[in-house]
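Below: one structure, written as structure tokens.
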Amino acid sequence: MSSDCGHTVRLSIFGESHGPGVGVVIQGLPPGEKIDLEDLYAFLARRRPGQNRLTTTRKESDKPVFLSGVTESGGAVITCGTPLCVFIENQDARSGDYAGFTEVPRPGHADYTAAVRYRGFADMRGSGHFSGRLTAPVCVAGGIAKQILSRKGIQVGAHLYSVGPVQDAPFPLMPTAELLNAVAAKSLPVLNDSAGEEMEREILAASDAGDSVGGIVECTAIGLPPGLGSPMFDGVENRLSTALFGIPAVRGVEFGAGFAAAAMRGSQNNDPFVFQNDRVETTANNHGGILGGITTGMPLLLRAAIKPTPSIAQAQQSVNLTDGHSETLHIAGRHDPCVALRAVPVVEAMTAVVLLDMMMEETDIGDQ
Ligand SMILES: Cc1cc2nc3c(=O)[nH]c(=O)nc-3n(C[C@H](O)[C@H](O)[C@H](O)COP(=O)(O)O)c2cc1C
């Protein structure tokens with residue numbers, strides 16, 4: 001099923017951007033886990049639109065309504081272990097902005113492919129099931145997964161690594177939980193604030209030109225045990241990539257040195273092993289915490305490349321699908337000039353869900 005993912009902790013994402021709402025059914029969560037609602041709301045707020053000039057002015061409260069799978073104990077919300085269903089109402093949809101795109105598809109959007117795949121029946125108002133709005137329920141699942149992982153000593157965090165040509169500093173070799181929390185608390189989640197200011201200028205310049213700009217999100221997970229994952233088709237990279245490509249606008253995923261490794265010599269790319277802090281570590285992290293699809297215990301390090309927002313204010317060339325004649329398209333509506341900014345918590349969320357899934361199925365790490 002295309003909108004389902006996971007083996008033990010399984011997500012099923014549902015809804016359309018301009019329908020009644022969006023949501024998620026999560027199966028396989030461990031019972032008895034506390035969900036700190038304040039913490040979850042704070043995480044969802046990091047993705048929510050309409051917060052500043054750098055994001056769309058669509059205003060959504062993104063209040064998750066728990067329909068099943070939780071109980072209350074001593075004033076706390078606790079997982080039951082049964083399917084947990086969360087619904088988020090859509091509140092600020094302007095479907096009129098999207099009239100006509102089933103006939104004249106928007107370049108860079110899924111209008112054309114959805115029309116072919118679903119024989120014209122897909123609800124494509126606001127991009128329907130393909131919309132960035134579907135990342136709200138992903139963040140609900142990820143926010144819960146992050147809380148459960150954190151109780152196991154695993155922290156997941158991300159930052160905006162680049163916007164167009166402007167680069168932030170990379171994560172250090174051993175990121176700390178304090179660093180990840182400090183970055184998450186910023187309205188522009190970067191390590192180097194002066195790079196952040198330059199990114200902001202880049203985003204506003206694109207927006208002022210009626211255009212958009214792409215970017216890269218770098219994500220890490222610290223505290224992972226060595227030995228998580230499997231070779232071949234069920235490796236940590238495989239599982240994470242499948243989930244990360246489920247985020248709209250993700251165009252590439254790399255681990256550790258990633259594509260840059262192809263330009264290196266082995267002597268540069270191999271990370272020397274050392275025994276320190278009572279365990280095996282490496283002195284660099286070109287391997288991104290994964291060798292042979294299995295975690296080494298070094299920080300997991302990945303980057304997701306996010307394309308420029310496809311909806312731009314400039315006139316664009318398209319075709320009318322009814323008879324094939326050329327049309328010039330003008331897109332109205334409210335759009336993020338740089339999707340990568342709001343994708344930061346979404347990449348964190350997807351990473352956390354996959355890691356929790358893998359942790360839940362690997363209870364026998366180290367037993368052969
Ligand atoms: C958090 C988030 C917000 C997004 N917001 C917008 C938006 O405002 N305007 C837009 O054109 N695309 C937006 N997108 C991207 C489109 O949904 C996506 O590019 C499009 O559906 C085509 O899918 P694809 O890029 O995966 O092929 C957003 C994506 C994410 C992750």
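The values are calculated or read from the model by the stated rules, or taken from the named source; none is laboratory data. Note that the structure is predicted; figures quoted are calculated from it, not measured. Counting neighbours? That spans all protein chains shown, and the Cβs are built from the backbone with ideal geometry, glycine included.
Scan (1) of a type outside the set (Lys, Arg); (2) crowded, with 22+ Cβ neighbours inside 10 Å; (3) touching a strand residue (DSSP E or B) at 6+ places or on another chain (Cβ under 6 Å) for the single condition Val104 breaks and write down its number.
(2)
In region 325-344, which residues are outside any loop (DSSP other than H, G, I, E, B), more than 8 Å from the ligand (Cβ to nearest atom) and of a type in the set (A, V, I, L, M, F, W, C)?
Hits for region 325-344 are Leu329, Ala340, Leu341, Val344.
Can you tell which of Glu237, Glu218, Glu281, Glu254 is buried (at least 21 other Cβ atoms within 10 Å of the Cβ), among the charged types (D, E, K, R) and in contact with a strand residue (DSSP E or B) (Cβ under 6 Å, 6 or more places away or on another chain)?
Every option except Glu218 fails the conditions.
Output the qualifying pairs, or none if there are none: Cβ atoms under 9 angstrom, residues six or more apart or on different chains, first residue in region 175-197 and closer than 20 Å to Lys146 by Cβ, second residue of a type in the set (Ser, Thr, Tyr) and in a helix (DSSP H, G or I).
As it stands, the answer is Ala177/Ser150, since those pairs meet every condition given.
How many of the residues making up region 295-309 are assigned to a strand (DSSP E or B) and either without any contact (Cβ under 8 Å) to a residue 12 or more places away in the chain or closer than 15 Å to Val217 by Cα (or both)?
Of region 295-309, the ones assigned to a strand (DSSP E or B) are 295, 300-306.
Narrowing the set further to residues that are either without any contact (Cβ under 8 Å) to a residue 12 or more places away in the chain or closer than 15 Å to Val217 by Cα (or both) leaves 300-306.
Count: 7.
Let's see how each residue does on (1) within 16 Å of the ligand (Cβ to nearest atom); (2) closer than 29 Å to Leu40 by Cα; (3) not aliphatic (A, V, I, L, M):
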{"position": "Pro172", "(1), (2), (3)": "no, yes, yes"}
{"position": "Leu179", "(1), (2), (3)": "no, yes, no"}
{"position": "Ala205", "(1), (2), (3)": "no, no, no"}
{"position": "Ile216", "(1), (2), (3)": "yes, yes, no"}
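Being under 13 Å from Leu341 (Cβ atoms) and among the β-branched types (Val, Ile, Thr): is that true of Ile203 here?
yes
Given the condition surrounded by 22 or more Cβ atoms within 10 Å (Cβ to Cβ), within 12 Å of the ligand (Cβ to nearest atom) and on the phi < 0 side of the Ramachandran plot, answer yes or no: does some residue in region 297-306 qualify?
Within region 297-306, one or more residues are surrounded by 22 or more Cβ atoms within 10 Å (Cβ to Cβ), within 12 Å of the ligand (Cβ to nearest atom) and on the phi < 0 side of the Ramachandran plot.
To keep it simple, each residue is scored yes or no on (1) away from the ligand (no atom under 11 Å from the Cβ); (2) surrounded by 13 or more Cβ atoms within 10 Å (Cβ to Cβ); (3) at pLDDT 95 or above.
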residue: Val65; (1), (2), (3): yes, no, yes
residue: Pro83; (1), (2), (3): yes, yes, yes
residue: Phe87; (1), (2), (3): yes, yes, yes
residue: Asp92; (1), (2), (3): yes, yes, no
residue: Ala99; (1), (2), (3): yes, no, no
residue: Gly108; (1), (2), (3): no, yes, yes
residue: Thr113; (1), (2), (3): no, no, yes
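Determine which member of the set Phe259, Phe171 is among the aromatic types (Phe, Trp, Tyr), touching a strand residue (DSSP E or B) at 6+ places or on another chain (Cβ under 9 Å), buried (at least 17 other Cβ atoms within 10 Å of the Cβ) and closer than 27 Å to Thr309 by Cβ.
On the way: Phe259 fails: buried (at least 17 other Cβ atoms within 10 Å of the Cβ).
Just a single option satisfies the conditions, and that option is Phe171.
Name every residue in region 200-215 that is surrounded by fewer than 20 Cβ atoms within 10 Å (Cβ to Cβ), assigned to a helix (DSSP H, G or I) and not acidic (Asp, Glu), in order of residue number.
Once the filter is applied, which keeps residues that are surrounded by fewer than 20 Cβ atoms within 10 Å (Cβ to Cβ), assigned to a helix (DSSP H, G or I) and not acidic (Asp, Glu), region 200-215 yields Arg201, Leu204, Ala205.
Those residues that are within 20 Å of the chain's Cα centre (by Cα) and in a loop (DSSP other than H, G, I, E, B), I need them from region 170-199; list them, please.
Selection gives Pro170, Phe171, Pro175, Ala185, Lys186, Ser187, Leu188, Pro189, Val190, Leu191.
Among what's in region 291-336 and is within 30 Å of Ala141 (Cα to Cα) and modelled with pLDDT under 95, pick the residue that is nearest to the chain's Cα centre (by Cα).
This residue is Asp336.
Just wondering, is there one or more residues in region 90-107 that are closer than 23 Å to Leu11 by Cβ and of a type in the set (Ser, Thr, Tyr)?
The answer is no; no qualifying residue exists.
Residues of region 312-364 being surrounded by 24 or more Cβ atoms within 10 Å (Cβ to Cβ) and of a type in the set (S, T, N, Q), which ones?
Thr351
Could you run through region 218-268 and say how many residues are over 14 Å from Ala349 (Cα atoms), more than 16 Å from the ligand (Cβ to nearest atom) and among the hydrophobic types (A, V, I, L, M, F, W, C)?
The number of residues fulfilling the criteria is 14.
Looking for whichever is at pLDDT 95 or above and touching a helix residue (DSSP H, G or I) at 6+ places or on another chain (Cβ under 6 Å) here; the options are Ala158, Ala185, Ala169. Which one fits?
Ala158
Every residue in region 127-152 that is touching a helix residue (DSSP H, G or I) at 6+ places or on another chain (Cβ under 6 Å) and either within 12 Å of the ligand (Cβ to nearest atom) or of a type in the set (Gly, Ala, Ser) (or both), please.
Thr135, Val138, Cys139, Ala141, Gly142, Gly143, Ala145
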